[in-house]
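Worksheet for the structure shown next.
All of the numbers you see were taken from the coordinates with simple rules; none came from a lab. Since the model is a prediction, treat every value here as computed from it, not as a measurement. In this analysis, Cβ positions are derived from the backbone assuming ideal geometry, glycine residues included, and neighbour counts consider all displayed protein chains.
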Amino acid sequence: MRTYTAVVERCRDTGLYVGYIPGFPGAHSQAANLEVLRMNLEEVIQMLLEDGEPVLEADFIGTQTVSVA
């Protein structure tokens, strides 16, 4: 079992949730709700893994809050 961290945003124009796996080329999807987005991402990752273990271009570290005056 592999575990990946997805970054999820909501598009203001479409209202869709957009998710991607940082550093994993091609591992991205969108959906109208979070459950479908998760299922879409699982499917995309499974398809990408059929070509072998990916060499990730980056590692997800976390988020930071930045305040600007």
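Within a Cβ distance under 11 Å of residue 29, other residues only, what is the Lys/Arg minus Asp/Glu net charge?
So the environment of residue 29 carries a net charge of -1.
Relative contact order for the chain: what percent, with Cα pairs under 8 Å and sequence separation of 6 or more?
Normalised by residue count, the contact order of the chain is 25 percent.
Give me the angle, in degrees from 0 to 90, between the Cα long axis of helix 34-49 and the longest principal axis of the Cα atoms of the chain, rounded to the nearest 10.
Around 40 degrees separate the two axes.
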